[in-house]
Amino acid sequence: MEKFSPENIKIAVIGLGYVGLPLAIEFAKKYSVTGFDIKEDRISELLKGNDYTNEADIDQLNAVLNKGDGRGLQFTSSVDDLKACTIFIITVPTPVDHFKSPDLKSLLYASEIIGGVLKKGDIVIYESTVYPGCTEDDCVPVLEAYSGMKFNVDFFCGYSPERINPGDKIYTLTKIIKVTSGSTPAVADFIDLLYKSIITAGTYKAPSIKVAEASKAIENAQRDINISFVNELALIFDLIGIDTNDVLAAAATKWNFLKYKPGLVGGHCIGVDPYYLAHKAESLGYQPQVILSGRRVNDNMGVFVANKVVKLMIKKEHNIAGSRALILGITFKENCPDIRNSQVIDIYNELVQFGLSVDIYDPRANKTEVKDQFGIDLVEMNLSTASNRYDAIILAVAHTEFMSLDLAKLSNPKTVIFDTKGILDRSVVDGRL
C-alpha cells in the first residue's frame, strides 16, 4: 500500500449528483480530485459555479476548483482524464425499474469505464446503494473483464454507503458517521483512514463489504417499515373518523414511543432500498413479508390522498369532472429540488383520471426536469398576489415558501384543502393525513 501515501493519492469521483459532488468537494480540500460525469452539460454547469441539486456549497466549490499545490478539484467528462487516478469512488444512481427490480445499468456502466483505466494497485470504492453482495458478485467481474486484471491481486475494492440527506443543511456529509469497508484487511484500514481524514463525525469500519452494503439497505428499510405502520394507521383512523396526528400526540406521551408521521414516501433511498433488500432475499429463495407489505402500503398513499380529496369535494357538492385542483409541491421532500421517485405524481395522475384539471406549483423543482420525467408543465405563481381560484388545494410538500401561503387568495367558498404534512392551521383544512 506504499503508493497510497497522502501525497500520492489521486481520487476520481464518478457521478456528480447529490452524492458525488459534495464528496468531491470535501476530498479536494486535502487531495487531488477529478470529478467525472458522462453528462457534458453537468460539467459545464459546475464549471460556471452552478449546482442544480443545491447540495454543494458554491463558495467551497469555487475555492477548490483547480486549486493546485497537489490538491483541488477538476471536472471532466473525458475518460482519458481518469488514467492518472489511483482511487475511484463510484456514486452513480441505483434506482428500481418499472417492475420494482434493481436497475444496475449506471453502476455496471461506471464499472466498465473504470475497468478500462484501472492500473495495478488501484482501489475502487462503491458508494451507490446496492444489495448485499452486489459489489463483489456483480461489479467486480465487470472490473476484471475490462481491466484484464485479478481482484485482490492486481486491484482492490471497498464499499462505503452514501448517507446524503438532500436538503439537510445541518447533517451534511462530514457530520454523519461514515461506514467503510474493504476487500482485504489492509485495504479496509486504508479506506477507513481515507474517509476519516474528511469526516469529522468519524467512521465505522465494517467487518466486510457485504456487511457495509447490508447496513445501508436496512437503515432505510427500517424507516420505510415504520412509516408504513403509521400510514396504515392513517387509513384505519380515517375510517374510524379520528385524526391520526391527534392519536400520535397522545401516544407520544409515553417515553419510549417512536413518533413517526404518516406521509408520502419517495426519494432515492427510502422508497427504493427495500426493493434491493427484497431482491436479494428472493434470489436466495426467501420471500420477505414485512419489507414488501410496508412497501405496498407506502406506494398506495398518493392514490389514497387523491381519493380522499375527491370524496371531500363530493361532500361540498362539487362537480368533479372539470373542477380545478392545485398541488403544492412535486419534489419528494421539503426544501430540496429532488424529484426522484416522488409520490406526488400519484396524486396528480389519480386526480386527472377523475377528470380534474390539475396544476402543480413548486418553486424548488427544476421545470425542465419535471417536464422531461413526468410530462408536466409547472405553473408560475406569485403567492403574495395570487388570484387563481381552485376547487381543491393539496399541500403535498412542506417547502418553506408554503408556510406563509394565504390560501384565501387561491380558494373559493367551497374549496377543499387537504394537508398531507399536517402543518397547516387545522381551522382552514378539510382533511389531512
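Of all DSSP bridge pairs formed entirely within the chain, close to 5 percent run antiparallel.
Database remark: amide H of residue 65 closer than 5 angstrom to the amide H of 73 (H placed geometrically; neighbours at sequence offset of 5 or more, or on other chains; Pro and chain starts carry no H). For the listed peptides 340-347, 192-199, a ranking on the average number of other beta carbons within 10 Å per residue, highest first, reads 340-347, 192-199. The HN-Hα couplings worked out from phi for region 393-410 by the Karplus form 6.51 cos²θ - 1.76 cosθ + 1.60 (θ = phi - 60°) are 10, 10, 7, 9, 9, 8, 4, 4, 4, 8, 5, 9, 5, 8, 5, 4, 6, 10 Hz, whole numbers, x standing for Gly and Pro.
In percent, rounded to a whole number, the relative contact order of region 1-148 is 24, using alpha-carbon pairs under 8 Å and six or more apart.
Distance from the Cα centroid of region 134-179 to that of region 289-312 is 34 Å (rounded to whole angstrom). With every protein chain in place and a 1.4 angstrom probe, the accessible-area ranking of 122, 154, largest first, reads 154, 122.
Between residue 249 and residue 137, the contour length at 0.36 nm per residue exceeds the Cα-Cα span by 35.7 nm.
Rounded, prolate or oblate: which fits region 279-366 when a ≥ b ≥ c are the square roots of the eigenvalues of the alpha-carbon gyration tensor, with rounded for a/c under 1.5 and prolate only if a/b beats b/c? Because a/c hits 1.5 or more and a/b fails to exceed b/c, region 279-366 counts as oblate. Residues 333, 67, 216 ordered from highest to lowest accessible area at a 1.4 Å probe: 67, 333, 216.
Hey, how many Å between the Cα centroid of region 192-222 and the Cα centroid of region 98-117? For region 192-222 versus region 98-117, the Cα centre distance is 21 Å. A cut-off under 12 angstrom between Cβ atoms defines the neighbours of residue 78, and their net charge, with Lys, Arg +1 and Asp, Glu -1, is -3. Site-free segments of the chain were taken between GluC sites (Glu not before Pro) in DSSP loops having at most 15 other Cβ atoms within 10 Å, sites themselves excluded; the longest one is 1-316. Between residue 257 and residue 335, the FRET efficiency from the beta-carbon distance, with R0 = 35 Å, is close to 0.85.
Working note: 222 nm ellipticity from helices only, DSSP H runs with n ≥ 4, each -39,500 (n - 2.57), summed and divided by the residues of the chain, gives -10500 deg cm²/dmol to the nearest 500.
Using a ≥ b ≥ c from the Cα gyration tensor of region 35-80 (square roots of the eigenvalues), is it rounded, prolate or oblate, where a/c under 1.5 gives rounded and otherwise the larger of a/b and b/c decides, a/b for prolate? The shape class here is oblate. Scalar couplings 3J(HN,Hα) for region 270-278, obtained by applying the Karplus form with A = 6.51, B = -1.76, C = 1.60 to θ = phi - 60°, are 4, x, 10, 4, x, 5, 5, 5, 5 Hz; x denotes Gly and Pro. Rounded to the nearest whole Hz, the Karplus-based 3J(HN,Hα) values (6.51 cos²θ - 1.76 cosθ + 1.60, θ = phi - 60°) of region 218-226 follow the sequence 7, 5, 8, 4, 4, 5, 4, 5, 5, with x at glycine and proline.
Per-residue surface analysis assigns residue 18 an accessible area of about 20 Å², computed on protein heavy atoms at 1.4 Å probe radius.
Averaging the sequence gap over all C-alpha pairs within less than 8 Å and six or more residues apart, then dividing by the number of residues, gives region 147-200 a relative contact order of 35 percent.
The residues neighbouring residue 146, those whose beta-carbon lies less than 15 Å from its own, together hold a net charge of -1 under the Lys/Arg +1, Asp/Glu -1 convention. Fully extending the segment from residue 353 to residue 290, taken as 0.36 nm per residue of separation minus the present Cα-Cα distance, adds 19.6 nm.
Between residue 154 and residue 100, what is the FRET efficiency for a Förster distance of 41 Å, r being their Cβ-Cβ separation, to the nearest 0.05? Efficiency at R0 = 41 Å is approximately 0.65. The residues neighbouring residue 376, those whose beta-carbon lies less than 11 Å from its own, together hold a net charge of -3 under the Lys/Arg +1, Asp/Glu -1 convention. With a Förster radius of 45 Å applied to the C-beta separation of residue 281 and residue 427, the computed FRET efficiency comes to 0.45.
Matching the structure-derived percent of Cα pairs over 43 Å apart against the labelled list (1) 20; (2) 53; (3) 10 gives the label (1). Is region 1-132 best put as rounded, prolate or oblate by its Cα gyration tensor, with a ≥ b ≥ c the root eigenvalues, rounded for a/c under 1.5, and otherwise prolate when a/b is larger than b/c, oblate when not? Judged from the Cα gyration tensor, region 1-132 comes out oblate (a/c at least 1.5, b/c at or above a/b).
Toward the positive end of the charge dipole of the chain, with +1 on the Cβ of Lys and Arg and -1 on the Cβ of Asp and Glu, the farthest Cα among 38, 433, 198 is that of 433.
The values are calculated or read from the model by the stated rules, or taken from the named source; none is laboratory data. In this text, all values refer to a predicted model and were calculated from it rather than measured experimentally. Backbone-built Cβ (ideal geometry, glycine too); neighbour counts: all protein chains shown. Just so you know, the surface numbers come from the protein's heavy atoms only, side chains and all, with ligands and any DNA or RNA stripped out. Shrake-Rupley method; radii C 1.70, N 1.55, O 1.52, S 1.80 Å.
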